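The values are calculated or read from the model by the stated rules, or taken from the named source; none is laboratory data. Model, not experiment: these values are computed from the prediction. Ideal geometry is used to build each Cβ from the backbone, glycine not excepted, and the neighbour counts take in all protein chains shown. Ligands, DNA and RNA are stripped out before the accessible areas are found, and what is left, the full protein with its side chains, is counted by its heavy atoms. Shrake-Rupley method; radii C 1.70, N 1.55, O 1.52, S 1.80 Å.
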Amino acid sequence: MKRSTVNDIIRDADAFIRSFGYIMPPFAYWSPEEMKARRQDSSAIFSSRLGWDITDYGQGKFNELGLFLFTVRNGRYEDMKKGMGMLYAEKIMISRKDQLSPMHRHNIKAEDIINRGGGRLVLELFMHDRDGGIDPKAEVSVPVDGTIHRLPAGGLLKLDPGQSVTLLPGVWHAFWAEGKDVLIGEVSTVNDDLTDNVFREPIGRFADIDEDVAPLHLLVSDYEKWVG
């Protein structure tokens, strides 16, 4: 993805998020220079990978295959091992109309996916088999706001604004927005996008950036290169 495109997506996403009354934390608007200057006193932003995250899954077709995310808060796996501390994470995301977030599952993370507004959020769901792959026959059973919904393998769960689904580790899911762009909330156990995403297809998690202009704000995938 070109950096100029990433900058435009950030601007558009910020306006879309604000239109629903959701206000981003102040560090969202720090310049790359301020991020570098705050490296020591704001180390948790970098170690927990909080911030902007825009991906085309390395495929170069963001409008068809992609997702906007912003990680607002995130704990540590070390705390999960101890069973105490900051064991949770929160993201705000945008799925554009008919934009696919591809089939994947998580080994550790449990998550609530929440339709915060816009169109209808559609999820395609499968259970996992004994080896962790997709079970093409098993019935899918998931709680939607506390009420169990049962679907055939590969069934489509459609969430209207205000509705949410709980996905436990191992549940395969892909999703997209139907009708209009959707603002998505994610509340989960500790999130690790570097190790805890298992995709059905051999694709990447982060975009390759073509630095045609200076970054408006850094992405979480920029931190190592730009901040160290």
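Which one is surrounded by the fewest Cβ atoms within 10 Å (Cβ to Cβ), of the residues in the stretch 91-130 that are out of contact with any Asp or Glu (no Cβ under 7 Å at 6 or more places or on another chain) and farther than 22 Å from Leu65 by Cα?
It comes out as Arg130.
Select, from Arg76, Arg18, Arg11, the only residue that is of a type in the set (D, E, K, R), open to solvent by 50 Å² or more (accessible area, probe 1.4 Å) and closer than 19 Å to Asp193 by Cα.
Arg76
Could you grab the pairs with beta carbons closer than 7 Å, sequence gap of 6+ or different chains, first residue in the stretch 44-58 and among the β-branched types (Val, Ile, Thr), second one surrounded by fewer than 21 Cβ atoms within 10 Å (Cβ to Cβ) and part of a helix (DSSP H, G or I)?
Ile45/Phe27; Ile54/Ile9
Need pairs with beta-carbon distance below 7 Å; first residue touching a residue at least 60 places away in the same chain (Cβ under 8 Å) and within 11 Å of Lys36 (Cα to Cα) and within the stretch 210-225, second open to solvent by less than 60 Å² (accessible area, probe 1.4 Å) and assigned to a helix (DSSP H, G or I); sequence gap 6+ or separate chains.
The qualifying pairs are Leu218/Pro32; Leu218/Met35; Tyr223/Phe46.
Considering only the stretch 198-220, I want to know if a residue exists there that is surrounded by 15 or more Cβ atoms within 10 Å (Cβ to Cβ) and assigned to a helix (DSSP H, G or I).
Checking the stretch 198-220: at least one residue is surrounded by 15 or more Cβ atoms within 10 Å (Cβ to Cβ) and assigned to a helix (DSSP H, G or I).
Pull out all pairs, ordered by first then second residue, where Cβ-Cβ is under 6 Å, the residues are six or more apart or on different chains, the first lies in the stretch 17-40 and is of a type in the set (A, V, I, L, M), and the second is at pLDDT 95 or above.
Qualifying pairs under 6 Å: Met35/Leu218.
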